[in-house]
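A short write-up of the structure that comes next.
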Amino acid sequence: MIKRLAVAVATAGVVYAGFAIAQFPILDMVANRVIEKYQNASCEQLWQDRGKPKTEEEQRVISMLRNDPQMQQAFINKVAAPIANKMFTCGIIP
């Protein structure tokens, strides 16, 4: 019985996470672009880009994310691991 409950809870969590991403199709596209940028950039490019000002488009997306906690969570859940892995590999984070 407990095993079935655990499976049901895990399944519900996966379905909810998938729904959160599907709920924001533009966000999904933006997140994929961010992930692609980090995956294709060299470490030197990432170090140089750290201090550069954000474009208007980037500022608009950041503003949207700050104003919508659900959208922010979906975005962070999608991009966190690939970005953190690249930053760790490049020595940007310890």
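For beta carbons closer than 8 Å, sequence separation of 6+ or different chains, a first residue in the range 60-74 that is over 14 Å from Val34 (Cβ atoms) and a second that is of a type in the set (Gly, Ala, Ser) and part of a helix (DSSP H, G or I), the qualifying pairs are Gln70/Ala20; Gln73/Ala20. Those helices (runs of 4 or more DSSP H) of the range 1-86 in which at least 3 residues are surrounded by 13 or more Cβ atoms within 10 Å (Cβ to Cβ) and at pLDDT 85 or above, considering only elements entirely within it, cover 25-40, 43-49, 56-67. Evaluating Ile92 against the criteria (1) of a type outside the set (S, T, N, Q); (2) assigned to a helix (DSSP H, G or I); (3) touching a residue at least 24 places away in the same chain (Cβ under 8 Å) leaves one unmet condition, (2). Sub-8 Å Cβ pairs linking a first residue in the range 40-56 that is free of Cβ contacts under 8 Å to residues at least 12 places away in the same chain and within 22 Å of Val30 (Cβ to Cβ) to a second residue that is part of a helix (DSSP H, G or I) and not hydroxyl-bearing (Ser, Thr, Tyr), at least 6 apart or interchain, are Lys54/Ile62, ordered by first then second residue.
The values are calculated or read from the model by the stated rules, or taken from the named source; none is laboratory data. Bear in mind the structure is a predicted one, so any value in this text is a computation, not a measurement. Virtual Cβ from ideal backbone geometry, glycine too; neighbours counted across all protein chains shown.
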